[in-house]
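Reading through the structure tokens given below for one structure.
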Amino acid sequence: MQVHPARCSFFSKLPYLSDVPSGSPQVIRRVPIFAGIVLLALFGSPSGAAQTPDLTQKSLEDLMSIEVTSVSKKEQKTSQAATAVFVISQEDIRHSGALNIPDLLRMVPGLDVAQIDDGKWAISARGFNGQYSYNLLVLIDGRTVYTPIFAGVFWDSQNVPLDSIERIEVIRGPGAAVWGSNAVNGVINIITKSADNTQGGSLTAGAGNASTGPEAIRYGGKDRNLGAYRVYAEGFQYNALPTLAGLDGQDDWRLVHGGFRTDSTLSAKDSLTTEGDVYQGNAGELSSVPISLAPPETATVALRDRYSGWNLLTRWKRTFSPRSETSLQVYFDRSLRGDSTYDIGLNTFDIDFQHHIVWGARQDIVWGLGYRVSSDATIPTLRISFTPQNRRTQLFSSFVQDEIVIRPDRLNLSLGARVEHNAYTGFDFQPSGRLVWTPNNKNMFWGAVSVADRIPSRIDTSIRVNYAALPGPGNLPILVSFFGNPNEKNERLTAFEAGYRNAWTSRFSLDSTVFYNRYRDLVSVEPGAMSLETNPAPAHLLIPTSFGNGLYGETQGLEFFANWKVASFWTVSPGYAFLSMHLHPFAGSQDTTTVPGTQGGNPDHQGQLRSSVSLPRNIRWNASAYFVNRLPAASIPSYTRLDTSLIWRAGEHVSVSVTGQNLLRNLHPEFSGPSCTVQSGLMRRDAYAKIAWSF
Amino acid sequence: MEASFGRRHISVSIFALLCIAVLVAGASQTARAQSAADEYQVKAAFLFHFAQFVDWPGDVLNARDPSLKLCILDDEPRRQELQSTIEGKTIGSRLFHVRLIGQPQDIQGCNILFLSRDETRRQTAILKSLHGIPVLTVGETSNFLSDGGMIRFHIEEDKIRFDINLEAAESSHLKISSRLLLLATSVTRGGVADRGR
């Protein structure tokens, strides 16, 4: 359990916690090499495609046996969106060979995906990355998996069988006007397939040098009363990684989960979707924690996070008329999580209503109302406690978005706003305005100004972490603690974005975005006055620090992505992202470490090159290279990661894949806080095979 | 230092080799026959065949204008792909034409309407407005058939499959041949879908 690592840079003041070796600058030289290879792949390739045979001469049966590819999938819906959106399609998922969602997200240009240890990832867009990237909202079929306790996402317990995912939409930049607060730097929307599309059975088994599984079973059918349904169960395990400090990380990760989904048509006007999941798992870590106030006070111990939970969601859609439809969604989510230093249970109930109405010839309006209640219960330990111990918070929200056609097919304006009331900071107004200009069918420009807030979480407002204990003067132990701030304010972003997309030919498309973000009231860590504390015994000196809103700043960057169908069987997708962060303390803030820690914890350059080749005999070969520049604050050197996979469809019902990850370099780190308590793992060279049989 | 340089050197070489391998594999493939085809070109061929297996009411396809019109709503890239495959092909004496229409109201004269998955927003409304009108509607979204569409494409393991809502076709006076029904993954009759095959 790591508490707010994005902010734990503060603790680098304490030398005994900084056991991370200093960085080696040698790796910077890789940038030109990588760029050279990108250029080589781009321009050194054969041009021109084979002549297309006359498909109309083939019989339907023949047509049904042709394998199809589609580059254009991403250019469709997304080509009209006035936002920086990237869609991972089911095809991308199948071809990637990835075993989990975070590994899939690596393909999104501009998203920073860095693995911390087996089950932990730091995932963010446009900066502020950390184990809990509190600026990124993640939803699975409309259910938020952003925890209001820690402000972030537990990727180790949120897994969806990859073959049941319809698509993953990743929006970089603010989406708060539509999706709600905490959608500050991005939204990840995981959408599973309708049960209509997962009919029949499938069995999956996999194994690799460092993992077992996923072993999965799924069955879908149709029932007269229930409609289409599917049920599934899946389990997997990853072996522990070595740590940066050279120890066995003891971070092995396992998860077993199962669930169902039904999609039924109640009447000509009504449709109902119901889905539920139940999961249980655990993942270890090596962490430096205070164990007592007597020597030895602080030790590196192996902790094991155990988590379980279930959730149930139902969504009722009704079409009143061709121009008016509503959706009502209700869900309940229960999660339990803890290791020997904390223990938390959380129940969430959420109800959400939306109405989509076409008004006149030029306006397309969506408005909605939402209510969420979250109640948590915590058990205090020497290391982590919350005041109050249990809390129930309510969130009321309403939003409206109007898409206005100014000139048909040329100019569209979208205005939206959300009003929320949360338990910590009260009312909150988050507007957004977006303009799309489509001069012709091949080019599209968009611009947007939006405001998004990150609202405080339980950690921000009410945690006490006894971060470290150490021997002090005159047998008086010292306890270093930090405290949540009950008066914490929202962090507010005002974002300016502009984008350009084109589809010059049906074979080449380009998507580029620039952004300039202004943040205010960013959370800082402020030192307090030293005092004598008697509880917990024995009496000790307390060095307190607490959260403040002492920082502001600007970030700017650019994201670029292209999709080039070199030939009908070969697609190449290069991508690049640049980020520059400038944070500053307000006058009065004594925080000197968050600024360099945050700025230096995000790569300024990221590049990627993906290639997908369809070979004869139903074999597909995918290769992806990712370059991530160094993280100076954490002394993580830059690295190039190469993943590749071969997928062979052996007949109609069987598919076999072999995947290699981290092929270039065994044992390199991807992420670490400057001196976070969790020991980061070293990513190893992995190979695994997977076989899937459908019936 | 030496060792780490060596390792870096090797890994860069591996990377370069892999990239070259990608290129060579690509180049050698250009000469060969294709193993994968463009999704919408194949779908166009499907649409061409659908037209052969569907009977429109006698008064719709009259002798004066013997062409068959496939309409696609406001989707220029799709139109290009469909057109390149089927424009000008003939079914018996009927000539195939692909037409791009800007508004759903321009549907007059269309025999087949193809709604790509971009059209999710207007789909329900369009299909509702076509109820009872003899236009074969073909779409792609998961709720296309429940919205009243007739044939829905879906992709299973990279291959194109389709489902048929026979009830919707019949209520628009279109007759779908049993051969097409046999090839469909599922056929909806009287509100209930049978899983085919």
Test A:GLY186 against the criterion of being crowded, with 23+ Cβ neighbours inside 10 Å and small (Gly, Ala, Ser), and give yes or no. yes
Which one of B:SER129, B:SER171, B:SER116 is among the polar types (S, T, N, Q), touching a residue at least 40 places away in the same chain (Cβ under 8 Å) and under 30 Å from A:ASN440 (Cα atoms)? B:SER116
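Restricting attention to segment B:100-121, which residues are more than 18 Å from B:GLY132 (Cβ to Cβ), more than 12 Å from chain A (Cβ to nearest Cβ) and either out of contact with any Cys (no Cβ under 8 Å at 6 or more places or on another chain) or surrounded by fewer than 18 Cβ atoms within 10 Å (Cβ to Cβ) (or both)? Step through it out loud before you land on a result.
The initial filter retains those residues of segment B:100-121 that are more than 18 Å from B:GLY132 (Cβ to Cβ), namely B:100-103, B:106, B:114, B:116-121.
Still in the list and also more than 12 Å from chain A (Cβ to nearest Cβ): B:101, B:106, B:114.
Scanning segment B:100-121 gives a single hit, B:ASP106.
How about segment A:34-133: which helices (runs of 4 or more DSSP H) wholly inside it have at least 3 residues that are over 24 Å from A:SER580 (Cα atoms), within 14 Å of chain B (Cβ to nearest Cβ) and modelled with pLDDT under 85?
A:60-63
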Scan segment A:642-656 and give yes if some residue there is assigned to a strand (DSSP E or B), touching a strand residue (DSSP E or B) at 6+ places or on another chain (Cβ under 7 Å), within 18 Å of A:THR204 (Cβ to Cβ) and of a type in the set (Lys, Arg), otherwise no. yes
Could you check how many residues of segment A:505-532 are under 24 Å from A:ILE291 (Cα atoms) and surrounded by fewer than 14 Cβ atoms within 10 Å (Cβ to Cβ)? 4
Select the strands (runs of 3 or more DSSP E) contained entirely in segment A:520-632, then report the ones holding at least 1 residues which are over 30 Å from A:ASN502 (Cα atoms), out of contact with any helix residue (DSSP H, G or I) (no Cβ under 6 Å at 6 or more places or on another chain) and not charged (D, E, K, R). A:531-533, A:540-567, A:570-585, A:619-628
Tally time: how many residues in segment B:90-99 are crowded, with 19+ Cβ neighbours inside 10 Å and either within 11 Å of another protein chain (Cβ to nearest Cβ) or outside any strand (DSSP E or B) (or both)? 1
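Can you tell which of A:ALA240, A:ALA207 is over 26 Å from A:PHE86 (Cα atoms) and surrounded by fewer than 19 Cβ atoms within 10 Å (Cβ to Cβ)? Let's see the steps before the verdict.
Numbers: A:ALA240 fails: surrounded by fewer than 19 Cβ atoms within 10 Å (Cβ to Cβ).
It is A:ALA207.
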All conditions in (1) at negative phi; (2) under 27 Å from the mean Cα position of the chain (by Cα) are true of A:LEU542 except (2)
Going through segment A:405-418 one residue at a time, which ones are free of Cβ contacts under 8 Å to residues at least 60 places away in the same chain, touching a strand residue (DSSP E or B) at 6+ places or on another chain (Cβ under 9 Å) and either within 30 Å of A:ASP350 (Cα to Cα) or not in a strand (DSSP E or B) (or both)? A:ASP409, A:ARG410, A:LEU415
Which of the following residues is modelled with pLDDT of 90 or more, more than 25 Å from B:ILE126 (Cβ to Cβ) and not acidic (Asp, Glu): A:LEU312, A:LEU328? A:LEU312
Residue under question is A:ILE171, and the condition is that it be surrounded by fewer than 20 Cβ atoms within 10 Å (Cβ to Cβ), under 30 Å from A:PHE561 (Cβ atoms) and of a type in the set (Val, Ile, Thr); does it hold? no
Leading residue by the ranking (nearest to A:ILE93 (Cα to Cα)) among those in segment B:139-172 that are among the aliphatic types (A, V, I, L, M) and facing chain A (nearest Cβ under 8 Å): B:ILE155
The lone exception for A:THR505 - which of (1) touching a His at 6+ places or on another chain (Cβ under 8 Å); (2) within 14 Å of chain B (Cβ to nearest Cβ) it fails: (1)
Of the residues that sit in segment A:657-689 and are in a loop (DSSP other than H, G, I, E, B) and within 13 Å of another protein chain (Cβ to nearest Cβ), which one is farthest from B:LYS159 (Cα to Cα)? A:LEU667
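The values are calculated or read from the model by the stated rules, or taken from the named source; none is laboratory data. All values reported here derive from a predicted model rather than from experimental measurement. Reconstructed Cβ throughout: ideal geometry from the backbone, glycine too, with neighbour counts over all protein chains shown.
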